[in-house]
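Below is one structure, written out as structure tokens; comments come after it.
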Amino acid sequence: MEITGEDLKLIALFESITGVMPSDMIKLEEGIVFLVDGHSIGKAIGKKGINIQRLRQSFNNRQILLAKDAAEPEEFLKAFFNNIEILSFEIREAPGQKVAFLTIPDSQRGIAIGKGGLRVKAAKAIMKRRFNTDVSLKTRRTE
């Protein structure tokens, strides 16, 4: 992972606003995603989400997403999609390729994708960079 000068500025600004050092960050067209230690996520969000509001203002109203960092792919994805019911999770490996398959209720598809696709694109980018694993999100109709 190569960090640019602009990335360092974003990380420093995030830390100055939240008081938390992110463990990772990814910039996408749709927004910016910061990963933080699970013990610090509440502090990073702030009371009533005040730090998220401040971050959005500081980053020209770009979408901001905070997620709990984790050392294992399954743990990371379950934390990343923590407000979504994961019906099944499986990692399949083939020579030169590793894919994490998540099945979620069809009714929660929009939440999983996120505004402008930010959430699913971020999950895919982070999983590829950190765990060399692709992500496949499937939905199932539940009643």
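Just the residues that are on the phi > 0 side of the Ramachandran plot and without any contact (Cβ under 8 Å) to a residue 40 or more places away in the chain, please, taken from region 105-141.
Within region 105-141, Asn132 is the sole residue that qualifies.
Glu75 - would you say it is among the acidic types (Asp, Glu), under 30 Å from Val99 (Cβ atoms) and part of a helix (DSSP H, G or I)?
It is true that Glu75 is among the acidic types (Asp, Glu), under 30 Å from Val99 (Cβ atoms) and part of a helix (DSSP H, G or I).
Any residue in region 90-104 that is touching a residue at least 40 places away in the same chain (Cβ under 8 Å), in a helix (DSSP H, G or I), over 19 Å from Ile64 (Cβ atoms) and not assigned by TED's automatic domain parsing to the domain that holds Ile26?
Checked against the condition, which is being touching a residue at least 40 places away in the same chain (Cβ under 8 Å), in a helix (DSSP H, G or I), over 19 Å from Ile64 (Cβ atoms) and not assigned by TED's automatic domain parsing to the domain that holds Ile26, region 90-104 yields no hits at all.
Right, Gly5: over 13 Å from the mean Cα position of the chain (by Cα) and either modelled with pLDDT under 95 or more than 21 Å from Lys121 (Cα to Cα) (or both) or not?
Spelling it out, Gly5 is indeed over 13 Å from the mean Cα position of the chain (by Cα) and either modelled with pLDDT under 95 or more than 21 Å from Lys121 (Cα to Cα) (or both).
Yes/no matrix, rows are residues, columns are (1) surrounded by 15 or more Cβ atoms within 10 Å (Cβ to Cβ); (2) over 12 Å from Lys138 (Cα atoms); (3) among the small types (Gly, Ala, Ser):
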{"position": "Ala70", "(1), (2), (3)": "yes, yes, yes"}
{"position": "Glu74", "(1), (2), (3)": "yes, yes, no"}
{"position": "Leu77", "(1), (2), (3)": "yes, yes, no"}
{"position": "Ile86", "(1), (2), (3)": "yes, no, no"}
{"position": "Ala94", "(1), (2), (3)": "no, yes, yes"}
{"position": "Ala100", "(1), (2), (3)": "yes, no, yes"}
{"position": "Ala112", "(1), (2), (3)": "yes, no, yes"}
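What do you reckon, is Ile111 more than 27 Å from Met21 (Cβ to Cβ), outside the structural domain of Val33 (by TED's automatic domain parsing) and in contact with a helix residue (DSSP H, G or I) (Cβ under 9 Å, 6 or more places away or on another chain)?
When the stated conditions are applied, Ile111 passes them.
Tell me, yes or no, whether region 45-65 has at least one residue that is farther than 23 Å from Ile3 by Cβ, among the β-branched types (Val, Ile, Thr) and in a strand (DSSP E or B).
So far as region 45-65 goes, no, none of its residues is farther than 23 Å from Ile3 by Cβ, among the β-branched types (Val, Ile, Thr) and in a strand (DSSP E or B).
Could you list, in sequence order, the residues of region 114-133 that are surrounded by 14 or more Cβ atoms within 10 Å (Cβ to Cβ) and in contact with a Lys or Arg (Cβ under 7 Å, 6 or more places away or on another chain)?
Thr133
Restricting to region 16-39, name every residue that is part of a helix (DSSP H, G or I), at pLDDT 95 or above and within 19 Å of Ala70 (Cα to Cα).
none
The values are calculated or read from the model by the stated rules, or taken from the named source; none is laboratory data. Note that the structure is a prediction, hence the values are computed from the model and not measured. Heads up, the Cβs are rebuilt from the backbone with ideal geometry, glycines too, and the neighbour counts pull from every protein chain shown.
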